[in-house]
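Readers should treat all values here as calculations from the given coordinates under stated rules, not as data from a laboratory. Being a predicted model, the structure only gives us computed values, none of them experimental. Every residue, glycine among them, receives a Cβ derived from its backbone with ideal geometry; neighbour counts consider all protein chains shown.
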There are 2 protein chains.
Amino acid sequence: MISNKMKTLVANSSVIRAMFEEGKRLAKIHGEENVFDFSLGNPNVEPPEHIKASILKILNEESPNLVHGYMNNSGYEDVRSKIAEFINKKHGLDLSYESIVMTCGAAGGLNILLKVLLNPGEEVIVFAPFFGEYNNYVNNFDGKLVTVPPDIDTFEPNIEELKKKITSKTKAVIINSPNNPTGVVYSEKAIKELAKTLSEKEEELGISIYLISDEPYREIVYDGVEVPYILKYYKNAFIGYSYSKSLSLPGERIGYIVANPKMDDFEDIMAALNVANRILGFVNAPSLFQRVIADCLDAEVDVNIYKRNRDLLYNHLIEIGFKCIKPEGAFYLFPRTPIEDDKKFCEDAKQFNLLLVPGSTFGCPGHIRLSYCISYEKIKNSLPAFSKLAKLYNMK
Amino acid sequence: MISNKMKTLVANSSVIRAMFEEGKRLAKIHGEENVFDFSLGNPNVEPPEHIKASILKILNEESPNLVHGYMNNSGYEDVRSKIAEFINKKHGLDLSYESIVMTCGAAGGLNILLKVLLNPGEEVIVFAPFFGEYNNYVNNFDGKLVTVPPDIDTFEPNIEELKKKITSKTKAVIINSPNNPTGVVYSEKAIKELAKTLSEKEEELGISIYLISDEPYREIVYDGVEVPYILKYYKNAFIGYSYSKSLSLPGERIGYIVANPKMDDFEDIMAALNVANRILGFVNAPSLFQRVIADCLDAEVDVNIYKRNRDLLYNHLIEIGFKCIKPEGAFYLFPRTPIEDDKKFCEDAKQFNLLLVPGSTFGCPGHIRLSYCISYEKIKNSLPAFSKLAKLYNMK
């Protein structure tokens, strides 16, 4: 009795469930400590201490009907103002609260954006490899996802291929940097080139193309790398931000959209985002955590914990013969598989109790994704299993 | 550049915004204390003290990565189990956690339900007067809202009219008791008759008709009235519950769906709800508040505060000549207007600084909705304004 659309979606999701079940099955046989699950993107680093202190302060000082009550569907004005000021200071911009909509995480943000922008059949372009949920989000509004093939040597956006994909039906382009699954941070050069290409195509086709940067990993970067702020490079730009990773609060569903006030139809779009937040059933981003993050704008998780994990796993993989770009952000590695069939490779990995995600899930076969947001100990204990896997394929 | 669907939705929403702006305009001229805003459903009664104590306890005792982390998209299993046990004890049922999906409030719950059930063009029946958002929620999934005309003498569901509206395209019926906007609690007799009618029509047409009871006001009842629990009366039944009103936490977006385990395709539906929660961008109900409500299942706001408000306002309206059913639940009154044109009546009310919502917003013209979830003092001060309004219309 479920809808036809949902039937397909449930079938697709069963792959993830199957992996989860497989992990439980292996844990029963070999013991949980001997199963190495690199499949989940659930942050293991603790939220900063300041989060708890903030919650206590807010509960003690503010009226409960304010803290837990309804507000404007776009969020508390004071919270939005503080976020705008924070962005202005950090990136030299001049935004007001009117550019900010508080959202139920980045996922909620992307959904209200696509609700506002998409007519059925309009196209949204993504660069492979990409977070698989984009497909579902675009599908929610009967849009069409168009994939740009990857540049597997750099995993930067493939601009030449992008040019071929833009049509008069193109409504938006989604980028994700630091990237899930590659960990790559798009360079300023790449962003400039992307912005130039989109502007030229807008002119040529007489349309607006909205660039949406999905940035839950913005603060998870290593080695002093800078993540370009796309509002500085492109007029029709949105950023979807989330505190899920930067503050390790993924369950709390708190994030925001920031829109470039210079964009086409700015006022209409902001009014529509407000309405979309309401009618899609989000109503508003969770109220207490809106107030908490406004009090914790400077806080960050200890990124060094992830960096140590990255170095340990990356160095070992390179040593045993994997080819892999050294990621500068997020908490994923995306090495090539020694055979083209990444699904078979993941199957084989299970004999060593390694749970990996095939790159084809991200539109990029011939690779695997490893989430290293697990304990250092666990990664250390998993290294012999990777060595055995490499040996199975005579990798070195 | 916003989508065509959104253009209409934004235009419709501008009515609400206009009223809000009107309130601000009047407050500037006459002072805020002299403007009587009966238009908003934002609870003014404080959350129970136990909420704060629970938050502190959870933050002190549980691991932050558990409290703020991802869990199954349907919610924490222990939370769902506790809710199931609570329902079982209260209503003599035998539910397990598998019947419960934690949702971002009742609005989030209704949206994932409709995503799961509706194919484009399928019909959802509601009884006028009804909460206007149902129209938007059904529209999100290209369903068609079918309205059963009201029985304005009782505001109970109009079963004879319902029979005429059910077709082979009917997928669901949404009821809302205690009702927004009438405050009426559907009687057991009405629920039994409704269940019988739906079962007969299912048989006759060879289809499943899902009954969805939207129950954010379940605990807001007066004079010892009982709200029938529809899982006891109908097989294909869901309840959408929310803690927004029962615990005065509307901003926190916390609620759940409970499904009758005997319903058609139960397992498919529960798997699909899990996926729908994820792909619509809710991902999961806010994590901390899932744990908080599991610790506060017995807590309730002080309903007597609302009851006092109801009595004060209701008695005055009756005294000055309004016709109105005495509501047994929620925090709304829904009196008849002395003229058919409820919008004109609301316009006229503004000269006395009264902000009222026309019944036509709820599919029931010739009425107005008054939200009495404001302070007792404010209501008391507003009574002369209502008297003037009644006098304008020579109501007595």
Inset, instruction - For region A:260-376, count the residues as N, evaluate 2.2 N^0.38 Å, and divide the Cα radius of gyration by that value, please. - result: 1.54
Legend entry - In nm, spacing of pseudo-spin labels at B:Glu267 and B:Glu98 (7 Å Cα→C-beta vector): 0.7 nm
Inset, instruction - With N denoting the number of residues in region B:163-247, provide Rg(C-alpha) divided by 2.2 N^0.38 Å, to two decimal places. - result: 1.14
Inset, instruction - Quickly estimate the mean residue ellipticity at 222 nm for the protein assembly as shown, helices only: each DSSP H run with n ≥ 4 gives -39500 (n - 2.57), and the total goes over all residues, rounded to 500. - result: -13500 deg cm²/dmol
Legend entry - Choice from A:Ile320, A:Ile254, A:Ile209 with maximal GNM fluctuation in chain A (Cα, 10 Å cutoff): A:Ile320
Legend entry - For chain A: Kirkwood Rh in Å [reciprocal of mean 1/r, alpha carbons]: 22.1 Å
Legend entry - At 1.567 mPa s and 4 °C, Stokes D of region A:357-396 from Kirkwood alpha-carbon radius, µm² per second: 111 µm²/s
Legend entry - Derived scalar couplings ³J(HN,Hα) [region A:132-140; Karplus, 6.51 cos²θ - 1.76 cosθ + 1.60; whole Hz; x for Gly, Pro]: x, 5, 3, 4, 5, 4, 5, 5, 3
Inset, instruction - Find every distance from the label point of B:Pro338 to the corresponding label point in the other copies (7 Å from Cα along Cα→Cβ) and write them in nm, one decimal, shortest first. - result: 9.0
Inset, instruction - For A:Asn72 paired with A:Glu340, estimate the spin-label separation in nm (one decimal), with each label point 7 Å from Cα along the Cα-to-Cβ line. - result: 5.5 nm
Inset, instruction - Determine which chain A residue has its Cβ at minimum distance from the rotation axis mapping A onto B, giving the value in whole Å. - result: A:Pro286, 2
Inset, instruction - Note the direction-averaged projected area, equal to a quarter of the hull surface, for the Cα convex hull of region A:152-192, in nm². - result: 3.4 nm²
Inset, instruction - Name the residue, out of B:Lys115, B:Lys163, B:Lys171, whose mean-square fluctuation peaks in a Gaussian network model built on chain B with Cα pairs under 10 Å. - result: B:Lys163
Legend entry - Prolate/oblate/rounded label for region B:1-80 (Cα gyration tensor, a/c 1.5): oblate
Legend entry - Under the Karplus curve 6.51 cos²θ - 1.76 cosθ + 1.60, θ = phi - 60°, whole-Hz ³J(HN,Hα) for region A:50-60, x wherever Gly or Pro sits: 4, 4, 4, 4, 5, 4, 4, 4, 5, 5, 7
Inset, instruction - Give me the distance between the Cα centres of region A:136-180 and region B:105-160, rounded to whole Å. - result: 37 Å
Legend entry - Zero-based 5 Å bins, Cα pair distances in region B:44-159, whole percents: 2, 9, 11, 13, 16, 16, 15, 9, 5, 3, 1
Inset, instruction - Mind jotting down the distance between the C-alpha centroids of region A:324-365 and region B:284-308, whole Å? - result: 44 Å
Inset, instruction - Throw me the Rg/Rh for region B:69-294, computed over C-alpha atoms with Kirkwood Rh, two decimals. - result: 0.94
Inset, instruction - Arrange the following residues from fewest to most other Cβ atoms within 10 Å of their Cβ: A:Ser375, A:Ser244, B:Ser39. - result: A:Ser375, B:Ser39, A:Ser244
Inset, instruction - Please arrange A:Ser13, B:Ser74, B:Ser96 by counting, for each residue, the other beta carbons lying within 10 Å of its beta carbon, fewest first. - result: B:Ser96, A:Ser13, B:Ser74
Inset, instruction - Pairs to check: A:Lys169/A:Lys235; B:Lys192/B:Lys323; B:Lys89/B:Lys201; A:Lys196/B:Lys5. Give those whose C-alpha atoms are more than 22 Å from each other in this structure. - result: B:Lys192/B:Lys323; B:Lys89/B:Lys201; A:Lys196/B:Lys5
Legend entry - Neighbour cut-off at most 10 other Cβ (10 Å), DSSP loop, GluC sites (Glu not before Pro), region B:190-258: B:Glu226
Legend entry - Per-residue Cβ neighbour rank within 10 angstrom, fewest leading, B:Leu117, B:Leu249, B:Leu354: B:Leu354, B:Leu117, B:Leu249
Legend entry - Candidates per GluC sites (Glu not before Pro) in region B:52-108, loop by DSSP, up to 13 other Cβ within 10 Å: B:Glu62
Inset, instruction - Mind checking region A:1-104 for chymotrypsin sites (Phe, Trp or Tyr not before Pro) that DSSP puts in a loop (not H, G, I, E or B) and that have at most 16 other Cβ atoms within 10 Å? - result: A:Tyr70
Inset, instruction - Can you list the distances in nanometres, one decimal and ascending, from the A:Lys163 label point to the identical position in each other copy, with the point 7 Å along Cα to Cβ? - result: 7.0
Legend entry - Cβ-vector label at 7 Å, A:Ile16, separations to other copies in nm: 2.9
Legend entry - Whole-Å semi-axes of the protein assembly as shown's equivalent ellipsoid (Cα gyration tensor): 47, 29, 25
Inset, instruction - Would you mind checking B:Lys90/B:Lys326; A:Lys344/A:Lys396; A:Lys189/A:Lys326 for any pair whose Cα atoms are more than 24 angstrom apart? - result: B:Lys90/B:Lys326
